[in-house]
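First up is the structure itself, then whatever we jot down about it.
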Amino acid sequence: MGNEGSQPAGLEIEEKAVEATDAWTLHYASISCGNPRLSVFVGQSQEGRSPAALELSAKNLMLYRHPSIVKYVSSWKRGDCWNLATEEVKPLAEVLPQLTPIQICLGLHSILEALIFLHEKAEASHNNICCASIYVSHDGSWKLGGFENLCRFKDLTPEFLHRTRTRRYDRGIAPEEEEVNGLKTVKGSILEPWAIDTYAFGVLAEELLRSATSRTFGATSTNLSPADELPALSDFKDLLKKHLQHCNPSLRAKLSSVLKHPFFSHPLISIHGFLIDLPLKAESEKEEFFSMRGTSIDAHEVKEVATVYPISPPSVPQIPVPLPQQLLL
């Protein structure tokens, strides 16, 4: 398992598709020897032409590893179809109507961490940050997927963005792409390559938060109830609109600074982050964390921790098992 070209032994793929797009269908799968369930993306290969979207996504997922990126398991060609096996995931859109604003806050935090890894460690741009590129694992953690449009900063050119335009979310397209000579370049590469994802993340977060608040509290209400209160929500919305979606890419905020915004200072963020990294923590760190939380955690936090994993059975909340954080393989 884990190598391009090898189908996991004993893999049984369910016929019913969980998701169907122009490029692939998503199916659940299991391995007869009792390993955890997987997800398998199936798409048409393109013989003699440029690689199909699913093939590109598979190669990039195999290369870029992070706890907040969909975990690659294997990929292989069978007949005229390309297959990509990953950890068990389902599309964010499938569970989004059931999520509370705090769960969306936690999810956006995870996607930010994935993007900061891509920008600052891998020096790469995702180029299609939107709801369709986000999946939810069996424990409810948000994972970034849809890596078919990813490109290293040094290779990101106006021509690349134009060529992949039809595969990308229209509302997330930065305004400079619409303008003649709007994309500034240095030696052919885009001058501020990180700004493409920054703009799209601003659009994504704005759409998700608008949907969550209107769905829960009425279409004209922007106030959260005490049970779902988030710090600095109004200021964060301003940041999304005025700074992440700024028409001038050089004036857009870096995503590493967005992660420090008070919007993400909710106590559950620190709880969630610590639990994600729990297997990596020293015993002294665990004792200190749980002793501190034991004196300050309240009933509301207990309820939110228990419901933050919407796919797992509510009576048995699970702690996510993290992938080792890696750079390029």
Output ³J(HN,Hα) for the range 191-204: one whole-Hz value per residue in order, computed from phi by the Karplus curve 6.51 cos²θ - 1.76 cosθ + 1.60 with θ = phi - 60°, and x for Gly and Pro. 5, 10, x, 5, 5, 5, 5, 4, 4, 5, 5, x, 5, 4
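Going down the table (K260/K286; K77/K187; K71/K237), which pairs top 26 Å between alpha carbons?
Flagged as over cut-off: K77/K187; K71/K237.
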Return the sequence-ordered ³J(HN,Hα) values of the range 149-160 in whole Hz as given by the Karplus equation 6.51 cos²θ - 1.76 cosθ + 1.60 applied to θ = phi - 60°, using x for Gly and Pro. 9, 5, 8, 5, 3, 5, 9, 7, 10, x, 5, 4
Using alpha-carbon positions, the gyration tensor of the range 23-147 gives root eigenvalues a ≥ b ≥ c; with a/c under 1.5 called rounded, otherwise prolate if a/b exceeds b/c, else oblate, the class is oblate
Once amide H atoms are built 1.01 Å from N in the peptide plane, which residues 5 or more positions from I69, or in another chain, come under 5 Å H to H? L144
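Throughout, read-outs are computed from the coordinates displayed, never taken from laboratory work. These numbers come from a predicted model, not from an experiment.
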